[in-house]
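Single-structure report; data block below.
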Protein chains: 2
Amino acid sequence: MRTTTDFDVIVAGGGLIGLVTAWRAARLGLRVAVAAPHTPGEASGVAAGMLTPATEATFGEEALMRFGLLSRDRYPEFVAELRADSGHDVGYRTEGTLQVAFDTDDLARLTELMELQARLGIQTRRLTGRECRRLEPMLAPSVRGGLLAPDDHSVDPRRLTAALRAAAERHGAALVDARVEEVAVSAERVRGVLLDDGRRLEADQVVLAAGTWTSRIGGLPEGVVPPLRPVKGQLLRLRTPSGEEPIVTRTVRGLVRGTPVYLVPRVDGEVVLGATQEEMGHDTRLTVGGVWEVLRDARELVPGVTELEIAETCVGLRPGSPDNEPLLGPTRVPGLHLAVGHFRHGVLFTPATGDAMAEALTTGELPDYARRFAATRFSHASATV
Amino acid sequence: MRTTTDFDVIVAGGGLIGLVTAWRAARLGLRVAVAAPHTPGEASGVAAGMLTPATEATFGEEALMRFGLLSRDRYPEFVAELRADSGHDVGYRTEGTLQVAFDTDDLARLTELMELQARLGIQTRRLTGRECRRLEPMLAPSVRGGLLAPDDHSVDPRRLTAALRAAAERHGAALVDARVEEVAVSAERVRGVLLDDGRRLEADQVVLAAGTWTSRIGGLPEGVVPPLRPVKGQLLRLRTPSGEEPIVTRTVRGLVRGTPVYLVPRVDGEVVLGATQEEMGHDTRLTVGGVWEVLRDARELVPGVTELEIAETCVGLRPGSPDNEPLLGPTRVPGLHLAVGHFRHGVLFTPATGDAMAEALTTGELPDYARRFAATRFSHASATV
């Protein structure tokens, strides 16, 4: 069968999740193609790149956090392998993350977060407002307290995307500059894809990894792709005036009167400032309200941000599944896999999802640590192809 | 002498002031060239386009206001002539301007403004907060009061620029896509210009109308061009979602806790929102502080602005003279004229400055109404060429 098809695997989608799947599969010897327009991903091209499962821990999302911790712990080796395969530096920064609280209510929520972190076995350190300012002198005097998560790091998602493209190509993956319009299914299994430029590519397996765009791919029986909703994020890329000290030296996350805001510094002086969370459908408009909200909270937290240049404004669409958890691995259509629904955690989950998908593509099954996220978990009701 | 030169007049600068000078001079039969890189003006390409001498009246600036009123009154005929010569619609809107006050202190300043307007003989109408909201229903409930200036209108400066280019060309003006680097002066009079592409153009008269850039033009005796300082303005161009009502139906200017803010609506649904006034030298960086300040005050005044899309962010440099008034007409170098220093009023002053400059270029003297703004008024101390 293998020799009759163009590829072993076609990945639809060229964001981080599609590319890491392609790279890890190609590394195992599979003949891989990635089909995606060569434009930034809806989410990957915009994401800030926080690798912060400890400071993002949320009650009721413990399983997601455990997957995040596992993926975070793979990052150092992942970055090293990626550098070896691509020659790229991905801007991995390991200074930890400072989470701070602005008022008394925010401080109470921080205390709850620390209880949850303790329950998950995560090491963080409680800090007074003064201790926070000692770490980050530009923080507002009004910051009431915080915690340091020494293992919550960051990476530059745009560099990561470029590195994954190079690494996948290095291992023989074909990067096809076209969008998958339809999956070809016949005799109850996947046969390949139809591209928007009219070409057909044959493959034994197809992975849908196109974020919220995945819902628009045709040719599939109902229910195979659960509903994916875009969760809009507006953020800003700031620039430190040349010759000036960076405004923060590590990722700073804040709760400001209940609203989360973050600043993620890069080595080159860029600071990513975000982000809104809006459920607006497929809407990528930059709005007065979105920009204003982000600037307001950032100013409260780090007043000196006022002096920074706005180098770029960005709008991304995070792909949310019905339960906000990823959809990974085989579907009920033989040969068809999903790798979508990474919501706010796509950058963090990139190493773990890449490994899980490579295993699913070679063995037909997800590894234990990813089984909870099986792509079939919503399809029991209508389980006929 | 006329036959030995390439042109009667070379205008350095392709913003509104340079172009209107060229058009009005060409209309009188002069052979004109405009030398400017074909890029938007530092100020003209960014300006909101308010024609609002009544609502901008300021104690101590009465002469400037009288010039503004005179220029405003020429606008209807100016727009009609420009349309006839260019075929362009310049987005002239005649719904008047609503000036509103946000708190009690702002209201007190509005009362002072009305006293000044009365002294200048300007007709405006005092309004209660409720009357303001009847005119503009999207205004915040907290607006305390206002005034309606029925003759303060607006125009679209980008359309105006395009129309002036077309009209000048129609009358035979040459548009030269290069920057004037140096003025050629010999035997105590102007001879022409040297362009940044190496070309030399000869002319009997040269007009410097390049905004703050004018200070960088070489070849001139000291003091001929008084210091021009750039006054930075940051503003936003917003877009009304299609199918929705415009957020304001006329220019709305507000004082919000002492800070001025304005919204200028266009027929196509664009709303220009501005603007900061910053003395930062030749700095065109968009900053967090600038954008935040404008958004904050606009939200206070018209909360619904939150829903609008940010279509464009702009930074302009207004050219300010030592006394904040324009510098017009002949200098002490025979044949050399200035048309600079229009500061915040360039769009408003365009018709009056155009006529004054055309008269200076044909008769050698400014008309009475512009004589106060003579370009030589700062050069008494060093009056040797």
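The values are calculated or read from the model by the stated rules, or taken from the named source; none is laboratory data. Everything numeric here is computed off the predicted structure, so don't read it as measured data. Quick reminder, even Gly has a Cβ in these numbers, built from the backbone with ideal geometry, and neighbours come from all protein chains shown. For the accessible areas, the whole protein counts, side chains as well, though only heavy atoms, and no ligand, DNA or RNA atoms are used. Shrake-Rupley method; radii C 1.70, N 1.55, O 1.52, S 1.80 Å.
Taken residue by residue, the range A:216-224 has at least one member that is assigned to a strand (DSSP E or B), in contact with a strand residue (DSSP E or B) (Cβ under 6 Å, 6 or more places away or on another chain) and either surrounded by 18 or more Cβ atoms within 10 Å (Cβ to Cβ) or at pLDDT 95 or above (or both).
The lone criterion from (1) surrounded by fewer than 23 Cβ atoms within 10 Å (Cβ to Cβ); (2) in contact (Cβ under 8 Å) with a residue 12 or more places away in the chain left unmet by B:Gly29 is number (2). Somewhere in the range B:12-20, is a residue among the aliphatic types (A, V, I, L, M), within 24 Å of B:Cys132 (Cβ to Cβ) and touching a residue at least 24 places away in the same chain (Cβ under 8 Å)? There is no residue in the range B:12-20 that is among the aliphatic types (A, V, I, L, M), within 24 Å of B:Cys132 (Cβ to Cβ) and touching a residue at least 24 places away in the same chain (Cβ under 8 Å). Restrict the check to the range B:367-384 and report whether at least one residue is touching a helix residue (DSSP H, G or I) at 6+ places or on another chain (Cβ under 9 Å), part of a helix (DSSP H, G or I) and more than 27 Å from B:Trp23 (Cβ to Cβ). No, there is no match, as no residue in the range B:367-384 is touching a helix residue (DSSP H, G or I) at 6+ places or on another chain (Cβ under 9 Å), part of a helix (DSSP H, G or I) and more than 27 Å from B:Trp23 (Cβ to Cβ). Listed conditions (1) without any contact (Cβ under 8 Å) to a residue 60 or more places away in the chain; (2) within 14 Å of chain B (Cβ to nearest Cβ); (3) open to solvent by less than 10 Å² (accessible area, probe 1.4 Å) are all met by A:Leu328, apart from (2).
Report, by residue number, each residue of the range B:170-190 that is among the charged types (D, E, K, R) and buried (at least 20 other Cβ atoms within 10 Å of the Cβ).
Passing the criteria: only B:Arg179.
Considering the conditions (1) assigned by TED's automatic domain parsing to the domain that holds A:Val207; (2) under 13 Å from the mean Cα position of the chain (by Cα), A:Leu338 is excluded by exactly one of them, (2). Criterion applied to B:Thr313, B:Thr362, B:Thr376 was being open to solvent by 40 Å² or more (accessible area, probe 1.4 Å) and closer than 30 Å to A:Asp283 by Cβ, and the one residue passing it is B:Thr313.
Residues that are within 14 Å of chain B (Cβ to nearest Cβ) and within 30 Å of A:Gly96 (Cβ to Cβ) are absent from the range A:193-215.
Among the residues making up the range B:91-141, a single one is in a loop (DSSP other than H, G, I, E, B), at pLDDT below 95, polar (S, T, N, Q) and open to solvent by 50 Å² or more (accessible area, probe 1.4 Å): B:Gln123.
Here A:Ala57, A:Ala43, A:Ala12 are screened, and the one residue that is open to solvent by less than 20 Å² (accessible area, probe 1.4 Å) and at pLDDT below 95 is A:Ala57.
The residues listed here are A:Arg237, A:Arg253; of these, the one that is at pLDDT 95 or above, within 30 Å of A:Arg134 (Cβ to Cβ) and either in the same structural domain as A:Glu181 (by TED's automatic domain parsing) or open to solvent by 20 Å² or more (accessible area, probe 1.4 Å) (or both) is A:Arg253. Reported count of residues in the range A:241-250, each being open to solvent by less than 40 Å² (accessible area, probe 1.4 Å) and either at pLDDT below 95 or not assigned by TED's automatic domain parsing to the domain that holds A:Asp283 (or both), is 1. Checking each residue in the range A:26-73 for being outside any loop (DSSP other than H, G, I, E, B) and either in the same structural domain as A:Ala275 (by TED's automatic domain parsing) or under 15 Å from the mean Cα position of the chain (by Cα) (or both) picks out A:Met50, A:Leu51, A:Leu64, A:Met65, A:Phe67, A:Gly68, A:Leu69, A:Leu70, A:Ser71, A:Arg72. Of the listed requirements (1) surrounded by fewer than 20 Cβ atoms within 10 Å (Cβ to Cβ); (2) at the interface with chain B (Cβ under 10 Å from one of its Cβ atoms), A:Pro322 misses just one: (2).
The residues of the range B:142-186 that are assigned to a strand (DSSP E or B), at pLDDT 95 or above and among the polar types (S, T, N, Q) amount to a single one, B:Ser154. Could you please find all residues in the range B:335-359 being without any contact (Cβ under 8 Å) to a residue 60 or more places away in the chain and open to solvent by 10 Å² or more (accessible area, probe 1.4 Å)? Of everything in the range B:335-359, just one residue is without any contact (Cβ under 8 Å) to a residue 60 or more places away in the chain and open to solvent by 10 Å² or more (accessible area, probe 1.4 Å), namely B:Glu359. Taking every residue in the range B:278-296 that is more than 7 Å from chain A (Cβ to nearest Cβ) and pairing it with any residue that is open to solvent by 60 Å² or more (accessible area, probe 1.4 Å) and outside any loop (DSSP other than H, G, I, E, B), at least 6 positions away or on another chain, yields no pair with a Cβ-Cβ distance below 6 Å. Scanning the range B:256-277 for residues that are in a loop (DSSP other than H, G, I, E, B), within 14 Å of chain A (Cβ to nearest Cβ) and either open to solvent by 40 Å² or more (accessible area, probe 1.4 Å) or closer than 30 Å to B:Ala108 by Cβ (or both) yields a single hit, B:Thr276.
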